[in-house]
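Report on one structure; see the data block that follows.
The values are calculated or read from the model by the stated rules, or taken from the named source; none is laboratory data. Note that the structure is a prediction, hence the values are computed from the model and not measured. Here the Cβ positions follow ideal geometry from the backbone for every residue, glycine too, while neighbour counts run over all protein chains shown.
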Amino acid sequence: MTKLTKNNLFKVYDSKPETPMDKTTRVVRQMVDEETEQRQAKNSRLRNARLEREANTSPETTVTPARKTRPSRAVSK
(Lines give C-alpha, C1' and ligand atoms only; values in the text may rest on other atoms or scores of the structure.)
Protein backbone atom coordinates (compact mmCIF):
# COMPACT_ATOMS: atom_id res chain seq x y z
CA MET A 1 0.00 0.00 0.00
CA THR A 2 1.26 3.45 -0.86
CA LYS A 3 1.79 6.10 1.70
CA LEU A 4 -0.98 8.72 1.63
CA THR A 5 0.15 12.30 1.29
CA LYS A 6 -1.56 15.56 0.53
CA ASN A 7 -0.48 15.27 -3.10
CA ASN A 8 -1.86 11.82 -3.83
CA LEU A 9 -4.86 11.77 -1.49
CA PHE A 10 -6.83 14.57 -3.09
CA LYS A 11 -7.39 14.81 -6.80
CA VAL A 12 -6.38 18.06 -8.40
CA TYR A 13 -8.95 19.36 -10.82
CA ASP A 14 -8.00 21.85 -13.44
CA SER A 15 -10.20 24.88 -13.43
CA LYS A 16 -12.42 25.45 -16.42
CA PRO A 17 -11.22 27.98 -18.92
CA GLU A 18 -12.84 31.37 -18.57
CA THR A 19 -15.88 31.71 -20.79
CA PRO A 20 -16.57 34.95 -22.68
CA MET A 21 -19.47 35.68 -20.32
CA ASP A 22 -17.22 35.19 -17.27
CA LYS A 23 -14.64 37.51 -18.80
CA THR A 24 -17.28 40.17 -19.45
CA THR A 25 -18.63 39.84 -15.93
CA ARG A 26 -15.15 40.18 -14.45
CA VAL A 27 -14.35 43.29 -16.50
CA VAL A 28 -17.70 44.95 -15.73
CA ARG A 29 -17.34 44.30 -11.99
CA GLN A 30 -13.85 45.77 -12.10
CA MET A 31 -15.17 48.89 -13.87
CA VAL A 32 -18.03 49.28 -11.38
CA ASP A 33 -15.65 48.88 -8.45
CA GLU A 34 -13.33 51.55 -9.86
CA GLU A 35 -16.24 53.94 -10.41
CA THR A 36 -17.44 53.31 -6.85
CA GLU A 37 -14.01 54.10 -5.44
CA GLN A 38 -13.81 57.30 -7.47
CA ARG A 39 -17.30 58.36 -6.38
CA GLN A 40 -16.52 57.70 -2.71
CA ALA A 41 -13.25 59.65 -2.96
CA LYS A 42 -15.06 62.57 -4.58
CA ASN A 43 -17.84 62.51 -1.96
CA SER A 44 -15.38 62.48 0.93
CA ARG A 45 -13.34 65.30 -0.66
CA LEU A 46 -16.46 67.43 -1.14
CA ARG A 47 -17.76 66.60 2.35
CA ASN A 48 -14.45 67.64 3.91
CA ALA A 49 -14.43 70.88 1.90
CA ARG A 50 -18.01 71.65 2.98
CA LEU A 51 -17.26 70.94 6.65
CA GLU A 52 -14.13 73.11 6.49
CA ARG A 53 -16.07 75.94 4.87
CA GLU A 54 -18.83 75.68 7.50
CA ALA A 55 -16.26 75.67 10.29
CA ASN A 56 -14.59 78.82 8.95
CA THR A 57 -17.79 80.83 8.49
CA SER A 58 -19.50 82.43 11.42
CA PRO A 59 -22.84 80.97 12.37
CA GLU A 60 -25.58 83.00 10.81
CA THR A 61 -28.93 83.35 12.45
CA THR A 62 -31.68 83.42 9.91
CA VAL A 63 -34.98 84.95 10.83
CA THR A 64 -37.91 83.49 9.02
CA PRO A 65 -40.71 85.94 8.33
CA ALA A 66 -44.06 85.29 9.94
CA ARG A 67 -46.50 83.47 7.72
CA LYS A 68 -49.36 85.46 6.37
CA THR A 69 -52.75 83.94 6.93
CA ARG A 70 -55.42 84.00 4.33
CA PRO A 71 -58.88 85.28 5.13
CA SER A 72 -61.23 82.38 5.49
CA ARG A 73 -63.65 81.80 2.68
CA ALA A 74 -67.27 81.63 3.57
CA VAL A 75 -69.04 78.64 2.17
CA SER A 76 -72.31 79.64 0.54
CA LYS A 77 -75.20 77.21 0.39
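Among the residues of segment 1-40, what is the count of those that are assigned to a helix (DSSP H, G or I) and under 33 Å from the mean Cα position of the chain (by Cα)? It would help to see each step written out before you state the result.
Kept after step one, since they are assigned to a helix (DSSP H, G or I), are these residues of segment 1-40: 6-9, 20-40.
The next check asks that each one be under 33 Å from the mean Cα position of the chain (by Cα); those that pass are 20-40.
Looking only at that region, the number is 21.
Checking the condition out of contact with any helix residue (DSSP H, G or I) (no Cβ under 6 Å at 6 or more places or on another chain), at negative phi and at pLDDT below 95, which residue from 25, 19 passes?
Of the residues listed, the single one that is out of contact with any helix residue (DSSP H, G or I) (no Cβ under 6 Å at 6 or more places or on another chain), at negative phi and at pLDDT below 95 is 19.
Condition check: of a type outside the set (Asp, Glu), part of a helix (DSSP H, G or I), exposed (fewer than 10 other Cβ atoms within 10 Å of the Cβ) and out of contact with any His (no Cβ under 7 Å at 6 or more places or on another chain). Does residue 43 satisfy that? Before you say what the answer is, go through the steps one by one.
On the way: of a type outside the set (Asp, Glu): yes; part of a helix (DSSP H, G or I): yes; exposed (fewer than 10 other Cβ atoms within 10 Å of the Cβ): no; out of contact with any His (no Cβ under 7 Å at 6 or more places or on another chain): yes.
Criteria not met by residue 43.
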